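Enquirer: One structure is given below, represented as structure tokens, and several questions about it will come after.
Bear in mind that the values in this text are calculations on the coordinates, not laboratory data. Everything numeric in this text was worked out from a predicted model, so none of it was measured. Methodologically, a virtual Cβ is constructed for each residue, glycine included, from the backbone with ideal geometry; neighbour enumeration extends over all protein chains shown.
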Amino acid sequence: MIKLIFVIIFNFSSLTMANDNLRGYQALENKEYKKALYYLSYHANLGDDKAQYNLGVMYKKGLGVPVNHNEAFGWFFLSSNQGNVLANYALGHSYYKGLGVKQSYKLALRSFKYASLEGHPMSRLLLGNMYYQGQGVDKDYTKAHLWWRFAEDLNINGARQNIVMLEKKMSDEERYKTRELYKMCMKNTLFNCIKKIDKM
């Protein structure tokens, strides 16, 4: 009997917490920022990665709170440590721009790679840009081209234009090498492909 009561209480409290979390997301969507802050803060402090990410967005954009890039970065960092793909992208953006943290292209590159592995499309475009411009890495047209191809595979605006522009600057040998690497990547997982590319 005691066991049954415990199970019922436990299930009820879990359901209540899930409903509270949902209320936070609905409030955010409805631009009821005070209510969203209340529910999301509670769940973010309990370790919910989605609540942490959304709280970071609120502080980054000043939604119901003053803009605070330090606070936003902290929430993105906690959420990204739990593998949240959107938080990894946001963390990369924070490092890239130096928002709430010392600017670091190397750490931005790392965060964008994590997000890319989870399928975040814009991360792939930005990685191509970073290799093209030599931000945090040596300039590398082959790697820039590959990342833009990966972005193009996800129909990201600008990827095709970047590829066309870059191919005009590349030698025949570089274009051939890029095509062969892309074929190799299509036969592997993106994770294995990136490992091989990073060793080049």
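Enquirer: Work out the length of the dipole vector of the stretch 45-120 about its Cα centre, built from +1 on the beta-carbon of each Lys and Arg and -1 on the beta-carbon of each Asp and Glu, and round it to the nearest 20 debye.
Expert: Charge dipole, the stretch 45-120, about its Cα centre: 320 debye, nearest 20.
Enquirer: Given a Förster radius of 25 Å and the C-beta distance between Lys34 and Asp153 as r, what FRET efficiency does 1/(1 + (r/R0)^6) yield to the nearest 0.05?
Expert: Here the calculated transfer efficiency is 0.05.
Enquirer: Reachable aspartates and glutamates from Lys106, Cα under 16 Å, same-chain residues fewer than 8 places away excluded?
Expert: Within reach: Asp138, Asp140, Asp198.
Enquirer: Below 8 Å between Cα atoms, with a sequence gap of 6+, how large is the relative contact order for the stretch 24-166 in percent?
Expert: 12 percent
Enquirer: What's the extension gain from Phe191 to Val137 if we count 0.36 nm per residue and subtract their Cα-Cα distance?
Expert: Result for the pair: 17.6 nm of gain on full extension.
Enquirer: Also: Rounded to the nearest 500, what is the chain's calculated 222 nm mean residue ellipticity when only DSSP H runs of at least 4 contribute -39500 (n - 2.57) each, over all residues?
Expert: That comes out to -24500 deg cm²/dmol.
Enquirer: Farthest toward the dipole's positive end in the stretch 105-200, which of Leu127, Val164, Ser111, given Cβ charges of +1 (Lys, Arg) and -1 (Asp, Glu) about the Cα centre?
Expert: It is Ser111.
Enquirer: Related question: At Lys183 and Asp198, where each label point lies 7 Å from the Cα along Cα→Cβ, what is the point-to-point distance in nanometres?
Expert: 2.6 nm
Enquirer: What number comes out for the charge environment of Tyr114, summing +1 per Lys or Arg and -1 per Asp or Glu over other residues with Cβ under 14 Å away?
Expert: Here the count lands on +2.
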